[in-house]
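The values are calculated or read from the model by the stated rules, or taken from the named source; none is laboratory data. Every value quoted in this text rests on a predicted model; they were computed, and no experiment measured them. FYI the Cβ positions are ideal-geometry reconstructions off the backbone, even for glycines, and counts take in every protein chain you see. What goes into the accessible areas is simple: the full protein's heavy atoms, side chains included, and nothing from ligands, DNA or RNA. Shrake-Rupley method; radii C 1.70, N 1.55, O 1.52, S 1.80 Å.
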Amino acid sequence: MYAETLQSLCEQSGGILLTKDIVNAGVPSSYLTAFLREGKLERVGHGVYITPDVLEDKMFTLQARKKRLIYSHDTALYLHDLTDRDPLTYSVTVPTGYNTKRLTEEGLSVFSIKPDLYGMGITTAQSPFGRPIRAYDAERALCDMLRSRHQMDGALFPEALKRYVRRKNKNIPLLMRYAESLHVNKLLRQYLEVLL
């Protein structure tokens with residue numbers, strides 16, 4: 001019975017299983033161990049397992065392991081189709097005080113921000129494999145790029161802003177509210193005056 005439940009979970013989840021899903025389904029850990037031993041599942045990170053036929057969705061599994069990280073900056077621009085440049089390393093934001101050592105060791109570009117600004121603009125995006133991940137919305141990503149302009153590729157922001165301004169679903173008032181909260185409103189206005 002438990003083996004069938006675990007098999008069913010694998011099929012429903014598209015081949016990516018989290019420990020919490022297995023526990024919530026009431027499957028004893030001995031069945032997970034058996035699936036791992038038999039090669040029906042492989043561990044790709046703490047609490048994250050995939051079936052052998054699935055390509056690992058690094059963005060999804062990374063966030064499943066590290067709940068507090070939000071995809072941001074150039075990575076969020078990519079997720080919102082504001083740049084064609086596939087990020088070589090993922091940019092993530094965590095609240096100040098979060099231990100970033102492991103994230104940096106994993107090759108991520110890590111940004112920290114005060115907890116009161118951390119939650120601003122979080123939305124659900126889709127990983128390149130179509131799975132739900134948390135990222136900052138387009139407006140927040142643009143403001144973050146401007147805020148961290150000395151640490152980012154200088155050509156990315158102007159191009160992303162041009163794409164954003166051409167969109168039908170742009171939200172300039174929201175963009176300006178974020179810019180004010182992140183103290184980049186004067187600089188953003190200068191860019192927008194040229195484009196609008």
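Relative to the longest principal axis of the Cα atoms of the chain, the long axis of helix 138-147 makes an angle of roughly 60 degrees.
When the Cα atoms of segment 1-56 are aligned to their principal axes, the ranges along those axes come out at 27, 21, 20 Å in descending order. Taken per residue, the accessible surface of segment 1-56 reaches 59 Å², heavy atoms only and a 1.4 Å probe. First measure r as the distance between the Cβ atoms of GLN12 and ASN169, then evaluate 1/(1 + (r/R0)^6) with R0 = 30 Å and state the FRET efficiency to the nearest 0.05. With a Förster radius of 30 Å, E is 0.40.
As a length-normalised measure over Cα pairs under 8 Å and 6 or more apart, the relative contact order of the chain settles at 15 percent. Taking only protein heavy atoms and a 1.4 Å probe, the accessible area of the chain is 50% carbon and sulfur.
Here's how it looks for ILE113: its modeled amide H is under 5 Å from those of VAL94, THR96, which are all 5 or more places away or on a different chain. Under a model in which nothing but the beta-carbon of Lys, Arg (+1) and Asp, Glu (-1) is charged, segment 1-56 shows a dipole of about 200 debye around its Cα centre. Computed over protein heavy atoms with a 1.4 angstrom probe, the accessible surface ordering of HIS73, HIS183, largest first, is HIS183, HIS73. By the Kirkwood approach, averaging reciprocal distances over each pair of separate Cα atoms, the chain gets a hydrodynamic radius of 18.4 Å. Projecting the Cα atoms of THR5, LEU55, PRO173 onto the charge dipole of the chain, computed from C-beta unit charges around the Cα centre, puts PRO173 farthest toward the positive end. Taking the DSSP bridge list for the chain and keeping only pairs wholly inside it, about 70 percent are antiparallel. Annotation: for a label point projected 7 angstrom from Cα along Cα→Cβ of GLU105, residues of segment 37-64 with backbone N closer than 14 Å are 46.
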